Amino acid sequence: MVEPYLKNAKGLVKDIDECKALARTLKQSRTPEWPCTPSEALPDETLCRSLVDCYLRTSETVYRVLHVPAFLTEFEQLWTPGAKSSPVFRILLKLVLAIGSSQYDQHFSMRASAIRWVYEAQLWLSEPGSKVKLNAVGLQIQLLHLLAREAADVDSESIWTSVGTVLRNAMALGYHHDPPPNSRSTLVVEGQRRLWNTLLEIAVQSSLSSGQPPLMSMAQFTTKPPQNYNDEDLGGPTATPEPRPDTEFTGTTVAILLRKTLPLRLHVVNSLNDGDGNGHIDYDNVLRVDSMLREEFRCVRRQFLGAMNLTGRPGTAAEYAYSRRVVSESCIKIWRAAAAPPPLATQPAGQPSTGQEDIRRAVTCGFGFCRMATWQSLLLLLVELKAQAREMEDSLLPQVVPSDLAQVLQDANPWCLECIRAGQTNVKGYIVISAIGAHIAGLQQGLRPGEELISKVIQAVNKACGEYLDAVQPLVPADGVQDEHWANGVALDDNMLDMNWNLFLVDFLGEEVGGLGWVLND
């Protein structure tokens, strides 16, 4: 229905291709040459300290990788005149800086440097001599590399496959078994538990984000959760301190809370990927896990509640209504926490920010689990908005959209643009969200499927292309290498327009990619 109108909109198709070309140019301009040899160069001391603080304030509180006092001791030695640091520590430090740079400011101004640091670490990890890397420091670097790839969006779509390699390396080191009692110091034991715990967390999150099985179960390891210590409590290689009470907040509290939810979350992910092959699971299982999540684990339940109720097959109207409400409520709460409009005044770059700003920067600048959850929540809420608009088509009453959902529709495009200004190059995402929003707005205004509604969608796509070009153009260096189709102002011929337009239709209408067709198709 849409294709006859849009095939004649050659200018619009050309705008879409220009957006794609500009995105490729931006990617090329900040991608270092390969192999990217590690260098000794670091940012100045003040900037390094700010980036380390950003990392310690955010990522390290959830993903425990470092023994912070030991790390800071070696970090301070870098700035001592005449002192030398090991190349391995510089690799580790640059990954810390890469992750911290995604929290440094709201526009990820250091993205190009972060990408280079990830590439340098990748070369070090890929060099022959795996035995040198099979130790605690090597595992720290591998975990930080996974987190930095997500933060800088470097091959982030294949994190799940890389997690499998790191998981096997950790098993080769014996980290999947808890050390025998009194066999090692508390410092060593807790370090092993923390690294294994972080690996488990990344494995479960990457599995949920990628829609792939976690390739592990609780029966495959015996390593205990970390205990409630601050890093300063662990002492030296022979100290055996007592853990702090569970009621006392420490630097490991968040990791401990997440670990308590791991068995249930692992069950959810395994259920999602071991269903009938089409992503559907037994609805009784959905309700049982839903109840357990609500009763025990309020802190991390939202995305898993949404995923379980989305993929279950309710048998009655009441069950369908319940699952639909759970999905919407969970997604709204995720959206509010992650992508609500920023405060009028934000902290300057490198300065301590509020928790709300940290979360927003994580979903705006990075590409990891937080951003994926936010993106999925947005799409599901748009589906709910369209469903409500369709349900009211034949009603004699005016359509009344709940204020929460109306706010999502209002905030979606500004959030996507904010991500683009922070260096994200996802053309398709912004165009599709703009088109879906216009489609829903048209339905809410009472427009019937036909030329008027399609024209509204086309206008939204045309506007989105212009906004995308305006947002990305300032990010491209003046000497950036232009895409070959645009380097000399060469116009695209009709065959190329048809080819690219067909690809756009596949994405837009979901004719081959079963992702968004159910949003826009009648």
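The values are calculated or read from the model by the stated rules, or taken from the named source; none is laboratory data. Since this is a predicted model, take the numbers as computed values, not measurements. FYI the Cβ positions are ideal-geometry reconstructions off the backbone, even for glycines, and counts take in every protein chain you see. These accessible areas exclude ligands, DNA and RNA; they are computed on the full protein's heavy atoms, side chains included. Shrake-Rupley method; radii C 1.70, N 1.55, O 1.52, S 1.80 Å.
A few points about this structure:
- Options V457, V461, V472; residue that is touching a residue at least 60 places away in the same chain (Cβ under 8 Å), in contact with a helix residue (DSSP H, G or I) (Cβ under 9 Å, 6 or more places away or on another chain) and over 15 Å from V13 (Cβ atoms): V472
- So I91, is it under 25 Å from A339 (Cα atoms) and either assigned to a loop (DSSP other than H, G, I, E, B) or of a type in the set (V, I, T) (or both): no
- Number of residues in the stretch 203-249 that are surrounded by 13 or more Cβ atoms within 10 Å (Cβ to Cβ), modelled with pLDDT under 95 and of a type in the set (V, I, T): the value is 1.
- Note on the stretch 186-201: among residues that are buried (at least 23 other Cβ atoms within 10 Å of the Cβ) and of a type in the set (A, V, I, L, M), the one that is farthest from the chain's Cα centre (by Cα) is L195.
- Restricting the first member to the stretch 441-452 and to residues that are under 17 Å from L382 (Cα atoms) and of a type outside the set (D, E), and the second to residues that are open to solvent by 20 Å² or more (accessible area, probe 1.4 Å) and outside any loop (DSSP other than H, G, I, E, B), the beta-carbon pairs closer than 6 Å and six or more apart or on different chains are G442/K456.
- Checked against the criteria, L417 counts as under 18 Å from the mean Cα position of the chain (by Cα) and surrounded by fewer than 21 Cβ atoms within 10 Å (Cβ to Cβ).
- Test: residue in the stretch 175-187 that is of a type in the set (S, T, Y), within 22 Å of L97 (Cα to Cα) and touching a Phe, Trp or Tyr at 6+ places or on another chain (Cβ under 8 Å): no
- The listed residue being under 22 Å from Q192 (Cα atoms) and either modelled with pLDDT under 95 or open to solvent by 50 Å² or more (accessible area, probe 1.4 Å) (or both), out of L144, L95, L134: L134
- In the stretch 155-175, the residues that are open to solvent by 80 Å² or more (accessible area, probe 1.4 Å) and modelled with pLDDT under 95 form Cβ pairs under 7 Å with partners that are assigned to a helix (DSSP H, G or I) and of a type outside the set (A, V, I, L, M), at six or more places apart or across chains, as follows: D155/R149.
- Residue-level analysis places T346 outside the set of residues that are farther than 27 Å from P263 by Cβ, hydroxyl-bearing (S, T, Y) and either under 19 Å from the mean Cα position of the chain (by Cα) or modelled with pLDDT of 75 or more (or both).
- Considering only residues in the stretch 206-225 that are aliphatic (A, V, I, L, M) and farther than 11 Å from L167 by Cβ, the one that is farthest from the chain's Cα centre (by Cα) turns out to be A219.
- Of all the residues in the stretch 354-396, those that are farther than 30 Å from Y322 by Cβ, at pLDDT 85 or above and of a type in the set (D, E) number 1.
Residue-wise test of (1) out of contact with any helix residue (DSSP H, G or I) (no Cβ under 7 Å at 6 or more places or on another chain); (2) open to solvent by 40 Å² or more (accessible area, probe 1.4 Å).
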{"residue": "T25", "(1), (2)": "yes, no"}
{"residue": "P32", "(1), (2)": "no, no"}
{"residue": "T61", "(1), (2)": "no, yes"}
{"residue": "H67", "(1), (2)": "no, yes"}
{"residue": "I99", "(1), (2)": "no, no"}
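- Evaluation of E391 against (1) surrounded by fewer than 20 Cβ atoms within 10 Å (Cβ to Cβ); (2) within 25 Å of S156 (Cα to Cα); (3) over 20 Å from the mean Cα position of the chain (by Cα) (one fails), failing number: (2)
- Residue ID - nearest to the chain's Cα centre (by Cα), chosen from residues in the stretch 157-185 that are hydroxyl-bearing (S, T, Y) and farther than 22 Å from K260 by Cα: S158
- Checked against the criterion of being touching a Ser or Thr at 6+ places or on another chain (Cβ under 9 Å) and under 30 Å from P226 (Cα atoms), the stretch 41-53 contains one or more residues that satisfy it.
- The stretch 397-414, residues that are loosely packed, with under 14 Cβ neighbours inside 10 Å and at pLDDT 85 or above: Q410, P414
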